[in-house]
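Have a look at the structure below before the remarks.
The values are calculated or read from the model by the stated rules, or taken from the named source; none is laboratory data. Note that the coordinates shown come from a computational prediction; the quantities given were computed from them, not determined experimentally. Positions of Cβ are generated from backbone atoms using ideal geometry, with glycine treated the same way; all protein chains shown enter the neighbour counts. Ligands, DNA and RNA are stripped out before the accessible areas are found, and what is left, the full protein with its side chains, is counted by its heavy atoms. Shrake-Rupley method; radii C 1.70, N 1.55, O 1.52, S 1.80 Å.
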Amino acid sequence: MGDHDQNDQDRKGVAAWWRASPLLGLYRPALVAAGVGLLFSIAGAAAVARWEDRVNKIEFENAAETEAIVMQNGMGEYISRLVALRTLFESTNEEITRSEFETFSTRLFERHPGMLRVAWLPRVNRKERAEYEAAAITDGVSGYRIKSLQGDDFAPAPQGDEYFPIFYSTQPKTSPVYGMDYASIPERRVALERARDGDRITAIRGRLYEPRESSRLPDVIVAVPVYAKGTSRETIADRRRNLAGYVVGVFDLPLLMQSIRVTTGASPAVSVNIYPPFTGRIVSMAHALPDFASSASAPQSMRDVAQGRHWSGILRIGDADWQVRAVPAAGGSLETVYDRAVAVIIVGMLLTLSLATYLMLASRNSRRLSLANRRVLELAQTDVLTGLPNRAFFLARLDMMNSQLSVRGLPFSILMLDLDRFKNVNDSLGHGAGDALLRQVALRLKSALRATDVLARLGGDEFAIIQEACDNQRGSATELAARIAKLVAEPFLLPGHRVEIGTSIGIAIAPDHGSDQEQLLKKADLALYRSKSAGRNCFTVYDEVMSAELEARNTLEGDLRDAIALCQLEVHYQPFVDVASGGRRGFEALVRWRHPSRGLIPPDQFIALAEETGLIVPLGEFVLRRACADAAAWPSDLMVAVNLSPIQFKEAELFETICAALADSGLPPQRLEIEITESVLLERGVENHAFMERLKQIGIELALDDFGTGYSSLSYLTAFPFDKIKIDKSFIRSLTHQPRSSAIISSIVTLARGLDMSVTAEGVETAEEFERLTALGVNFAQGYLFGRPQPVDQITFDAPARRSQRDAA
Ligand code: C2E
Ligand code: CA
Ligand code: CA
């Protein structure tokens, strides 16, 4: 039980390790391929081995069968020679002499080494015995006696009716075999009788009874019956009666087979064993171990042979079937060596190895690739400048927070940040300084956050924060915003500069202010917008009112679009006077919107909107054309001043537009004055400078509007070709109670004079203000004191001018 648990645990452990090990995970395809490849290799090799085996078996069986046929033919050849001897005996009435037999036999088996000896066994009856014995001795076989087997030895045969002694033989005459009565040896006698009765050739396994019989082992003894010439052999009785004797051949079977195989070119790949017959009268020998082996290999037992690959057949010798068992010769071509199977497994392994290696490299490459991809993805979600997450990351995270919100109800806040006066730094100190500043801001912001909060740079000087769930979401969001506003308001030290900026923050809280990305971003932006317009470096939490305002703004935008198309815009003119002479020098064109339901709308309520929406471009062109057309009808000493928005300055065709307005109205350029604010100088300084030069070249006058409200320093003035500076009405307002304002205006006047510029004071409402401004040396004055902005037809000109204006109308 414990063992089982242990095993189970081990298995789980291994499984876990297999799953967990990153290296294994990486190389798993390679390992699987290796395993599968190995299996396939082995299976393939096994199949090929089986096939090889089958092919080999067929080849071997064919070879063995051929071998058997060859042997059978060879054997037939030997036997046919014995039969030739019989024919010799049966063909003549004369006695065959010993020398004739010897000569004929020797010649017959000259090239047949498998034939050990051939003998003639005449049928000798009792009466003939002495005669035969004497004749043999006469022939030179000294001491020839007919002998019979007695016990284990041969001795002169006792008296008997019939003998079949060896009379003639190819053996030397000194051989002890002469006179041996075959009929006295039981198994040989059986074979002889069978041959006689059946008139057939019989064969038996030779057995050595007498060591001196031969120096070589007799393997097979073949007996051929010989009948008396011209006698019948129809019936057994005929045969028994007419038998004359036997021609006997003694074979050395291995030698015989070898000689057959040598002369016929037998396959060396087959090793043949021949076993004596099992059946019949020689059954007693069935158990005897085979001692015939036709090849050099050691003889094998039939049982051994039967265990391996073998082929079974028979070799017919006389009337007996000898068992032939062929086996593939050791080391022969028919021994199954499975070289193809080995080749398959080797090739399989090699392929597996290369596949596994390839997969391993591929996985490593793909891992590298995926790492690279991840890096690219990271980079794609990173702001390169600050190293903070970028807008894409921020939006993705916001989406995630929203979906978490819907699942777990976790509130969060988003804070949108926009740096104040960043453009200033960028424009005045260069992009390098701007970048450095952004990096420092990023660090400061980061330091104010918890680890769970997300800080991203959305682009430019915009940052955003996602603040995760707190107990009091609103409280912690505003607390964070206040902390950040304070942090960013602290001065930054840039190389060689100390800059002070600030940040405006808009806050939206989920789910209070929405639960989808778009809504939250829009509301945070609205709050940010409010912060910016509320004076910067502050934070605002979104409020429903803002949306209402936005709605109104959106409506207004649509209306304004229509207004331009429907000519609901009007241009009113406010005069400005020459302080020295007190005479009117010209009028400033100020746009008005006659709204069908809301009445006359002052520009303060729609110029900003027009600038944001780009509607300022057609609007500005309308005012310009209207003003030029109107002024063309005025007395020629009156100027017209037209306000141009910085947005218009970015339009490529502004110069052409102005030229066209002048050309179409016929107003000389010298009578047109263009008013621009300081912000135009901050952005695109170089391009705007060139543009202003072009305007000046054709005679147009340039005025710097609202001087003193922006951030510009007096140094700007020296860099740009202005003709006039218009001091903002806020200075004039404080003139009577702020001694400092007098000092500022005084220094502006002094500077302008040095730069060959004139100075206009705006918003002059009282005579007292006018008096002071006159004392300060201001050149021109504009304000309600001299006239409110009015429609052109309510302005009184000198008689000729008015007439011509009416004519034009
Ligand atoms: P601004 O260019 O400074 O124009 C002078 C503004 O001061 C005018 O306001 C005028 O009505 C007002 N004003 C004049 N005299 C006095 C005074 O004695 N006391 C007071 N309190 N205000 C006085 P308005 O017409 O509402 O224009 C506001 C601003 O709208 C203008 O300021 C100008 O920046 C912009 N604006 C007006 N028309 C156009 C235009 O056609 N194009 C562009 N781009 N901006 C325009
Ligand atoms: Ca103006
Ligand atoms: Ca102004």
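Out of Leu371, Leu359, Leu353, report the one residue that is open to solvent by less than 50 Å² (accessible area, probe 1.4 Å) and of a type in the set (A, V, I, L, M, F, W, C). Walk me through it before giving the result.
Numbers: Leu371 fails: open to solvent by less than 50 Å² (accessible area, probe 1.4 Å); Leu353 fails: open to solvent by less than 50 Å² (accessible area, probe 1.4 Å).
From the options Leu371, Leu359, Leu353, the qualifying one is Leu359.
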Among the residues of the range 587-611, count how many are on the phi < 0 side of the Ramachandran plot and more than 13 Å from ligand 1 (Cβ to nearest atom). 5
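Working carefully through the options Arg325, Arg364, find the one that is crowded, with 17+ Cβ neighbours inside 10 Å and of a type in the set (D, E, K, R). Lay out the reasoning, then the answer.
On the way: Arg364 fails: crowded, with 17+ Cβ neighbours inside 10 Å.
When all the criteria are applied, what remains is Arg325.
So is Phe722 farther than 26 Å from Lys650 by Cα, at pLDDT 85 or above and not aliphatic (A, V, I, L, M) or not? Break it down into steps so the answer makes sense when it comes.
Details: farther than 26 Å from Lys650 by Cα: no; at pLDDT 85 or above: yes; not aliphatic (A, V, I, L, M): yes.
Spelling it out, it is not the case that Phe722 is farther than 26 Å from Lys650 by Cα, at pLDDT 85 or above and not aliphatic (A, V, I, L, M).
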First in the range 659-683 and on the phi > 0 side of the Ramachandran plot and more than 13 Å from ligand 3 (Cβ to nearest atom), second anywhere and outside any strand (DSSP E or B) and open to solvent by 10 Å² or more (accessible area, probe 1.4 Å), Cβ under 6 Å, 6 or more apart: Gly666/Ala632
Cβ contacts < 6 Å: first residue within 20 Å of Lys522 (Cβ to Cβ), restricted to the range 383-411; second residue assigned to a helix (DSSP H, G or I), any location; separation 6+ or different chain. Result? Leu398/Gln517; Asp399/Gln517; Pro411/Gln473
Filter result for the condition that a residue is within 16 Å of ligand 2 (Cβ to nearest atom), surrounded by fewer than 17 Cβ atoms within 10 Å (Cβ to Cβ) and more than 27 Å from Arg474 (Cα to Cα), over Pro575, Pro602: Pro602
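Would you be able to tell me the number of residues in the range 178-190 that are without any contact (Cβ under 8 Å) to a residue 60 or more places away in the chain and either among the aliphatic types (A, V, I, L, M) or touching a helix residue (DSSP H, G or I) at 6+ places or on another chain (Cβ under 8 Å) (or both)?
Step one: filter the range 178-190 for residues without any contact (Cβ under 8 Å) to a residue 60 or more places away in the chain, giving 178-181, 183-186, 188-189.
Okay, now just the ones that are also either among the aliphatic types (A, V, I, L, M) or touching a helix residue (DSSP H, G or I) at 6+ places or on another chain (Cβ under 8 Å) (or both), so 178-180, 183, 185, 188-189.
So the count comes out to 7.
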Near pairs, Cβ below 6 angstrom, 6+ apart or cross-chain, from the range 107-121 (in contact (Cβ under 8 Å) with a residue 12 or more places away in the chain) to any residue that is of a type in the set (Ser, Thr, Tyr) and part of a loop (DSSP other than H, G, I, E, B): Arg117/Thr170; Val118/Thr170
Checked against (1) part of a loop (DSSP other than H, G, I, E, B); (2) in contact with a Pro (Cβ under 6 Å, 6 or more places away or on another chain), Leu359 satisfies every condition except (1)
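When you go through Ala527, Ala456 one by one, which is the residue that is crowded, with 19+ Cβ neighbours inside 10 Å, assigned to a strand (DSSP E or B) and either assigned by TED's automatic domain parsing to the domain that holds Pro411 or at positive phi (or both)? Break it down into steps so the answer makes sense when it comes.
Values: Ala527 fails: assigned to a strand (DSSP E or B).
Being crowded, with 19+ Cβ neighbours inside 10 Å, assigned to a strand (DSSP E or B) and either assigned by TED's automatic domain parsing to the domain that holds Pro411 or at positive phi (or both) holds for just one of Ala527, Ala456, which is Ala456.
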May I ask you to list the residues in the range 442-453 that are over 17 Å from Phe539 (Cα atoms) and buried (at least 20 other Cβ atoms within 10 Å of the Cβ)? none
In the range 486-514, residues that are over 13 Å from Leu429 (Cβ atoms), at pLDDT 90 or above and assigned to a strand (DSSP E or B) total 8
Residue count, the range 615-643, condition in a helix (DSSP H, G or I), free of Cβ contacts under 8 Å to residues at least 60 places away in the same chain and within 13 Å of ligand 1 (Cβ to nearest atom), comes to 13
Can you confirm whether Ser636 is of a type in the set (Ser, Thr, Tyr), more than 19 Å from Cys567 (Cβ to Cβ) and open to solvent by 50 Å² or more (accessible area, probe 1.4 Å)? yes
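Does Ile616 fit the bill of being touching a strand residue (DSSP E or B) at 6+ places or on another chain (Cβ under 9 Å) and within 16 Å of ligand 2 (Cβ to nearest atom)? Break it down stepwise before answering.
On the way: touching a strand residue (DSSP E or B) at 6+ places or on another chain (Cβ under 9 Å): no; within 16 Å of ligand 2 (Cβ to nearest atom): yes.
Here the answer is no, as Ile616 does not meet what is asked.
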Would you tally the residues in the range 333-350 being under 23 Å from Val32 (Cα atoms) and open to solvent by 100 Å² or more (accessible area, probe 1.4 Å)? 1
Taking the range 745-791 and the residues there that are in a strand (DSSP E or B) and open to solvent by 10 Å² or more (accessible area, probe 1.4 Å), the one that is farthest from ligand 2 (Cβ to nearest atom) would be Pro791
Going through (1) open to solvent by 80 Å² or more (accessible area, probe 1.4 Å); (2) more than 27 Å from Val220 (Cβ to Cβ) one by one, Ser41 fails only at (1)
Hits in the range 664-713 (condition: among the acidic types (Asp, Glu), at pLDDT 90 or above, out of contact with any helix residue (DSSP H, G or I) (no Cβ under 8 Å at 6 or more places or on another chain) and away from ligand 2 (no atom under 15 Å from the Cβ)): Glu693
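Output the number of residues of the range 492-510 satisfying the condition of being open to solvent by 40 Å² or more (accessible area, probe 1.4 Å) and out of contact with any Phe, Trp or Tyr (no Cβ under 9 Å at 6 or more places or on another chain).
Residues flagged as open to solvent by 40 Å² or more (accessible area, probe 1.4 Å) and out of contact with any Phe, Trp or Tyr (no Cβ under 9 Å at 6 or more places or on another chain) within the range 492-510 amount to 4.
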Among the residues of the range 647-703, write down those that are in contact with a Lys or Arg (Cβ under 6 Å, 6 or more places away or on another chain) and either closer than 18 Å to Ala629 by Cβ or not assigned by TED's automatic domain parsing to the domain that holds Asp630 (or both). Ala661
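Looking at Ala589, is it surrounded by 14 or more Cβ atoms within 10 Å (Cβ to Cβ), within 16 Å of ligand 3 (Cβ to nearest atom) and within 60 Å of the chain's Cα centre (by Cα)? Before you say what the answer is, go through the steps one by one.
Numbers: surrounded by 14 or more Cβ atoms within 10 Å (Cβ to Cβ): yes; within 16 Å of ligand 3 (Cβ to nearest atom): yes; within 60 Å of the chain's Cα centre (by Cα): no.
Here the answer is no, as Ala589 does not meet what is asked.
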